[in-house]
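The block underneath contains the structure these notes are about, expressed in structure tokens.
The values are calculated or read from the model by the stated rules, or taken from the named source; none is laboratory data. Since we're looking at a predicted model, the values are computed, not measured. Reconstructed Cβ throughout: ideal geometry from the backbone, glycine too, with neighbour counts over all protein chains shown. Side chains are part of the model used for accessible areas, which takes the heavy atoms of the whole protein and leaves out ligands, DNA and RNA. Shrake-Rupley method; radii C 1.70, N 1.55, O 1.52, S 1.80 Å.
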Amino acid sequence: MAPVLDLPLNVGQIDDVQELKKGRKTKIPIRFVRDVAERPMLAATPSPLLSSIPVIDLKKLMSGNKEEFHLEILKLSASCEEWGFFQVINHAIEVDLLEKIEKMAMEFFMLPVEEKQKYPMAPGTVQGYGQAFVFSEDQKLDWCNMFALGLVPHSIRNPKLWPTNPPMFSETVETYSKEIRKLCKTLLRFIALSLRLNANVFEEMFRESVQAIRMNYYPTCPRPDLVLGLSPHSDGSALTVLQQGKGNTVGLHILKDGTWVPVQPVKNALVINIGDTIEVLTNGRYKSSEHRAITHKEKDRLSIVTFYAPSYEVEIGPMQEMIDESNPCKYRRYNHGEYSRHYVTNKLEGKKTLEFAKIPPKKS
Ligand SMILES: O=C(O)CCC(=O)C(=O)O
Ligand SMILES: [Fe+2]
């Protein structure tokens, strides 16, 4: 992943949530207890109208007749504009592979803590096992264990972080990442078409795109009402592909028009979201929505998340086609590597990271 902070950081004690659980204590350590305004308010049920994000059928885009294609492209465009999220079905990735990576990830998280800590995530970095995005002693912690790896290009990989246990881990991650890469390229072609742009525009612009994977494991929590599984954030990627564990409970929430909307898992679907890079490139037309994860009292949850982004040397800024009199340019131009560094060296805090790219509105 991108370069990280050189400073020594004092991040205080970071308890491993799976180990806390083994202690069978019902009292949540104070570092995990959120301020009242941040707590998830689980009792409040959102309107049923809001309870599902759009589902895109990739088969209709790849091989549907003219009418099916047209309707699906319109749906894709509306999903990216209004939600910044959709679920994709008929994505052509074998269910076996999805099941295999899920099994590997679970096997990894179930290893004894000493085994997992052989791949430590150093404070202020985002690869290895632990909690990312923690920069100070007084920062609240997420009820989550993460394991993250840089995959593509080869130079961002840290070979010391590739587990040899469970066996086949690296082989499965390689195969999976290739398939997800193909899917991202395909989706970006349709996203370009939905904007009436040349289908290759993103692929050509991104050069050798960067890809990283993060596995998030949310153990059960005695007080889901007090904690967050993952703090609210938007993703710094161009596109993110999220696989939820089979039979997962609802855990992912998207902020839409000021309301947290739970994402109902759809069997064998993958959840796709627009990252900050596409928001900037489209001058805000396609949104990188704020999202978070919550925990559950009786059910643990796993998510396997792939971040797909341009090569670090690429310059990003709103595309000319996205700017006109009624849509003045909202973001400045910057180098993607610079943004990536900014993203990974700041705590997750809603869409605050994207302030980096915003042009302040003119005072009248
Ligand atoms: O686990 C989830 O559903 C959310 C994960 C996520 O947003 C992330 O890893 O960036
Ligand atoms: Fe995310």
Residue ranges of strands (runs of 3 or more DSSP E) in region 210-300 with at least 1 members in contact (Cβ under 8 Å) with a residue 60 or more places away in the chain and under 19 Å from Met146 (Cβ atoms): 210-218, 230-233, 239-244, 252-256, 270-274, 291-293
Breaking point among (1) assigned to a loop (DSSP other than H, G, I, E, B); (2) farther than 30 Å from Leu111 by Cα; (3) touching a residue at least 24 places away in the same chain (Cβ under 8 Å), for Phe202: (1)
Selection from region 140-171 of residues that are surrounded by 16 or more Cβ atoms within 10 Å (Cβ to Cβ), among the basic types (Lys, Arg) and within 24 Å of Gly337 (Cβ to Cβ): Arg157
Any chance Lys330 is of a type outside the set (Ser, Thr, Tyr) and either out of contact with any Gly (no Cβ under 6 Å at 6 or more places or on another chain) or within 16 Å of ligand 1 (Cβ to nearest atom) (or both): no
Hits in region 282-310 - residues which are away from ligand 1 (no atom under 13 Å from the Cβ) and open to solvent by 10 Å² or more (accessible area, probe 1.4 Å): Gly284, Arg285, Lys287, Lys297, Glu298, Lys299
Filter pass, Val314 being among the hydrophobic types (A, V, I, L, M, F, W, C), out of contact with any Leu (no Cβ under 8 Å at 6 or more places or on another chain) and open to solvent by less than 60 Å² (accessible area, probe 1.4 Å): yes
Residues located in region 320-338, provided they are farther than 26 Å from Asp257 by Cα and open to solvent by less than 30 Å² (accessible area, probe 1.4 Å): Tyr334, His336, Gly337
Odd one out for Ile323 among (1) in contact with a Pro (Cβ under 9 Å, 6 or more places away or on another chain); (2) more than 16 Å from ligand 2 (Cβ to nearest atom); (3) not acidic (Asp, Glu): (1)
Search result, residues across region 55-96 that are surrounded by fewer than 16 Cβ atoms within 10 Å (Cβ to Cβ) and either of a type in the set (Gly, Ala, Ser) or modelled with pLDDT under 95 (or both): Ser63, Ala78, Ala92
Complete set of residues in region 219-258 that are of a type in the set (Val, Ile, Thr) and either more than 9 Å from ligand 1 (Cβ to nearest atom) or open to solvent by 10 Å² or more (accessible area, probe 1.4 Å) (or both): Thr220, Val227, Val241, Thr249, Val250, Ile254
Criterion violated by Met110 - all others in (1) surrounded by 20 or more Cβ atoms within 10 Å (Cβ to Cβ); (2) at pLDDT 95 or above; (3) hydrophobic (A, V, I, L, M, F, W, C) satisfied: (1)
Of the criteria (1) under 28 Å from Leu58 (Cβ atoms); (2) open to solvent by less than 20 Å² (accessible area, probe 1.4 Å), which one Glu174 fails: (2)
